[in-house]
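This report refers to the structure that appears directly beneath it.
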Amino acid sequence: GESVGLHLPTLSVQEGDNSIINCAYSNSASDYFIWYKQESGKGPQFIIDIRSNMDKRQGQRVTVLLNKTVKHLSLQIAATQPGDSAVYFCAENQGNLIFGKGTKLSVKP
Amino acid sequence: DTGVSQDPRHKITKRGQNVTFRCDPISEHNRLYWYRQTLGQGPEFLTYFQNEAQLEKSRLLSDRFSAERPKGSFSTLEIQRTEQGDSAMYLCASNLGANVLTFGAGSRLTVL
């Protein structure tokens, strides 16, 4: 069936470096994608979203890139900080949000 | 507004017992969603309400699960005759129309 998934389950980066978290989706009809951040013991927190009529969207220290040709989504975090340590999920809107498995980001001081 | 509130935050129960979780969404949000999340996985959709109407239910929502939103404000999720496989984090979220979901902190269920 259709699914949203992530390439890597874990990512470790040095504080100050840039982080890139990837996501592959399989439903080519999807027109809206969201990235969520989930810290331990908390619910998912919205980071940034993008519609399929765009290929890039920037927020504060975060950028989402969408490549519809290969059905790939990425989240870039600039100057990664210890507070960025969390699990990151991409989600695809199919009427309801369908989440991938998540990537755990660890930031080394 | 303090966001989406869920109660209790943690529940430990014995197999076969019934449990009920409560969700208070953001007050002006007309849509309310329940998700289930197991360790190491992303949240899985269970059901959602628009005002008091339950509009969609996932096949994950077995007959032992029932959700209500009687007045279009808070919602309850009841699990009857709990099984060990029900152990998970139950997340509630709300939004207004098609806007981004705001999640609560979740209710963690452990079935012994």
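The values are calculated or read from the model by the stated rules, or taken from the named source; none is laboratory data. Fair warning: this is a prediction, and the values are worked out from it, not measured in the lab. A quick note on method: Cβ atoms are made from the backbone with ideal geometry, for glycine too, and the neighbour counts reach across all protein chains shown.
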Q: Read through the list (1) farther than 22 Å from B:Gly97 by Cβ; (2) among the hydrophobic types (A, V, I, L, M, F, W, C); (3) at pLDDT below 95, then give the number of the only condition that A:Ala78 fails.
A: (3)
Q) Pairs, please: C-beta under 8 Å, at least 6 apart or cross-chain, first residue within 11 Å of B:Ser75 (Cα to Cα) and more than 13 Å from chain A (Cβ to nearest Cβ) and in the range B:44-56, second of a type in the set (Gly, Ala, Ser) and not in a strand (DSSP E or B)? A) B:Asn51/B:Gly72; B:Glu52/B:Gly72
**Q.** Subset of the range B:10-31 (residues that are within 12 Å of another protein chain (Cβ to nearest Cβ) and closer than 20 Å to B:Ser73 by Cβ)
**A.** B:Cys23, B:Arg31
Q.
Considering only residues that are in contact (Cβ under 8 Å) with a residue 40 or more places away in the chain and under 16 Å from B:Phe45 (Cα atoms), which ones fall in the range B:88-104?
A. B:Ala88, B:Met89, B:Tyr90, B:Leu91, B:Cys92, B:Ala93, B:Ser94, B:Asn95, B:Leu101, B:Thr102, B:Phe103, B:Gly104
Q.
Looking only at the range A:93-109, filter to residues that are assigned to a loop (DSSP other than H, G, I, E, B) and under 16 Å from A:Ala29 (Cα atoms); which one of those is nearest to the other protein chains (Cβ to nearest Cβ)?
A. A:Asn96
Q: Would you check which residues across the range A:13-64 are hydroxyl-bearing (Ser, Thr, Tyr) and either at pLDDT 95 or above or under 12 Å from the mean Cα position of the chain (by Cα) (or both) and list them?
A: A:Ser19, A:Tyr25, A:Tyr36, A:Thr63
**Q.** Only one of B:Arg81, B:Arg64 that is over 22 Å from A:Asn93 (Cα atoms) and in contact (Cβ under 8 Å) with a residue 24 or more places away in the chain
**A.** B:Arg81
Q. Right, B:Leu60: aliphatic (A, V, I, L, M), more than 17 Å from A:Pro44 (Cα to Cα) and within 14 Å of chain A (Cβ to nearest Cβ) or not?
A. yes
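Matching residues to (1) under 18 Å from B:Ser94 (Cα atoms); (2) assigned to a loop (DSSP other than H, G, I, E, B); (3) away from chain B (no Cβ under 14 Å):
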| site | (1), (2), (3) |
| --- | --- |
| A:Ile50 | no, no, no |
| A:Arg57 | no, no, no |
| A:Leu65 | no, no, yes |
| A:Leu75 | no, no, yes |
| A:Thr80 | no, yes, yes |
| A:Ala91 | yes, no, no |
(Q) So in the range A:25-48, with the set limited to residues that are in a strand (DSSP E or B) and surrounded by fewer than 17 Cβ atoms within 10 Å (Cβ to Cβ), which one is nearest to the other protein chains (Cβ to nearest Cβ)? (A) A:Phe46
